[in-house]
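Okay, so here's the structure we're looking at.
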Amino acid sequence: MEFFIDSADIEAIRELCSFLPIDGVTTNPTIITKSGKEPEQVFAELCEALTEDQKIIAQVVATDYEGILAEADKIASIRGGKNIVVKIPVTREGLRAIPVVKAKGISVLATGIYSPDQAFWAAKAGADYLAPYVNRMCNYGDGVGQVIELVQTLAQYGMEAKVCAASFKNVDQVHQLLAAGVPSITVNPDTIRDMVGHPGTAIAVDEFTANWEKAYGRTTL
Ligand code: E4P
């Protein structure tokens, strides 16, 4: 499975990549604006912070068909196209553009998905990844359940598109999707940190050290 960081915060990306086997980074236009940097600078910094084996997944901003195609080409040229994925929203224009972008050999992640039915059509159009917005879907119903159902639907038809579950607000949402076997997922840095850190672990380690020091007068083996 693939685990991505949903962020353009280079420091957070470097920090998490320093101790976790991260498969890449996803961004969207809002995430890039939050960096306070020009998009070109963000992409340059991502190329520097990540290895070529880690994917960079970046989104088109244009909403018209021709604009989406032009921006997909632009994104696909980042890092010579190595492990670059273009995010295209599942609007009518986006769904029309997806097979054309795919035909050029560019990997596509269909984004902005709020329903399994939109995801189904993006899969039919040839998208490599489908990004349902889990937390946002929870505003309308059982977002987690719908995404689990989507994974099953794709398997039922032998469709190659992989769900890349996105938009999380807490660890439990991530946990439920991982437990259901979601093939890829993108999570913001704070929620990833919350997945890894548990106060109980720190207490246990402190206790091991204290007991060892009391017995042997040192804190190493
Ligand atoms: C990822 O690909 C999406 O752009 C992102 O997860 C959306 O998250 P949000 O609902 O926190 O904006």
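What follows is calculated from the coordinates using simple rules that are stated; it is not laboratory data. Source: prediction; values computed, not measured. With ideal geometry, Cβ positions are generated from the backbone for all residues, glycine too; neighbour counts draw on all protein chains shown.
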> Given the rule -39500 (n - 2.57) for each run of at least 4 DSSP H residues, summed and divided by the residues of the chain, what is its mean residue ellipticity at 222 nm, to the nearest 500 deg cm²/dmol?
Replying inline: -15000 deg cm²/dmol
> Pick from A12, A123, A72: which residue has the top mean-square fluctuation in a GNM of the chain where Cα pairs under 10 Å get a spring?
Replying inline: A12
>> Charges at C-beta only: +1 for Lys and Arg, -1 for Asp and Glu. How large is the resulting dipole of segment 2-196 about its Cα centre, in Debye rounded to 20?
In response: 380
>> I'd like to know which of T201, L20, A123 lies farthest towards the positive end of the charge dipole of the chain, counting +1 on Cβ of Lys and Arg and -1 on Cβ of Asp and Glu.
In response: A123
> Taking the Cα atoms of segment 12-125 alone, what are Rg (to one decimal) and Dmax (as a whole number) in Å?
Replying inline: 14.2, 41
> Kirkwood hydrodynamic radius (Cα pairs, Å) of segment 2-196?
Replying inline: 16.6
>> Sort I98, I203, I68 by Cβ crowding within 10 Å, fewest neighbours at the top.
In response: I203, I68, I98
> Against the longest alpha carbon principal axis of the chain, how many degrees, from 0 to 90 and to the nearest 10, is the axis of helix 143-157 turned?
Replying inline: 60
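Restricting to Cα pairs below 8 Å that are 6+ residues apart, what does the relative contact order work out to for segment 5-118? Please round to a whole percent. Don't skip to the end; give the middle numbers.
On the way: 156 pairs, mean separation 23.1, N = 114.
Relative contact order for segment 5-118 comes out at 20 percent.
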> Using 1/(1 + (r/R0)^6) with R0 = 22 angstrom and r between the beta carbons of I203 and V171, what's the FRET efficiency to the nearest 0.05?
Replying inline: 0.70
> Non-local amide H neighbours of C164 (under 5 Å, H modeled in plane, Pro and chain starts lacking H): which ones?
Replying inline: L130, A131
> Based on the Kirkwood radius over alpha-carbon pairs, what value in µm²/s does the Stokes-Einstein equation return for the translational diffusion coefficient of segment 107-221 at 10 °C and 1.306 mPa s?
Replying inline: 99
>> Using 0.36 nm times the number of residues separating D194 and A62, minus their current alpha carbon distance, what extension gain do you get?
In response: 44.1 nm
> Roughly speaking, what is the centre-to-centre gap between segment 94-151 and segment 171-202 when only Cα atoms are used, to the nearest Å?
Replying inline: 21
> In degrees from 0 to 90, rounded to the nearest 10, what is the angle of the helix 39-49 Cα long axis to the longest principal axis of the chain?
Replying inline: 50
>> Straight-line reach from K169: which lysines fall under 27 Å, measuring Cα to Cα and dropping same-chain residues less than 8 apart?
In response: K34, K37, K55, K87
> Which Cα, out of G94, A72, V144, lies furthest along the positive dipole direction of segment 2-196 (beta carbon charges, K/R +1, D/E -1)?
Replying inline: G94
> Among T33, T209, T63, which one moves the most in a GNM of the chain with springs linking Cα atoms closer than 10 Å?
Replying inline: T209
> Stretched out fully, how many nm does the piece from C47 to K124 gain, at 0.36 nm a residue minus the Cα gap?
Replying inline: 24.6 nm
> If we sort 103-116, 172-185 on the protection proxy, mean other Cβ atoms within 10 Å, highest first, what's the order?
Replying inline: 103-116, 172-185
>> What do you get for the angle between helix 92-103 and the principal long axis of the chain? Use alpha-carbon atoms, 0 to 90 degrees, nearest ten.
In response: 80
> Using a Gaussian network model of the chain with C-alpha springs under 10 Å, which one of F43, F19, F120 is most mobile by mean-square fluctuation?
Replying inline: F19
> When the convex hull of the C-alpha atoms of segment 66-138 is computed, what volume per residue in Å³ does it have?
Replying inline: 80
> When only C-alpha pairs under 8 Å and at least 6 residues apart count, what is the relative contact order of segment 2-196, in percent?
Replying inline: 18
> Whole-Hz Karplus ³J(HN,Hα) for segment 202-210, in order, using 6.51 cos²θ - 1.76 cosθ + 1.60 and θ = phi - 60°, x for Gly and Pro?
Replying inline: 4, 5, 4, 5, 4, 5, 4, 5, 4
> Residues with amide H under 5 Å of V60's amide H, sequence separation 5 or more or different chain, H placed in the peptide plane at 1.01 Å from N; which?
Replying inline: K87
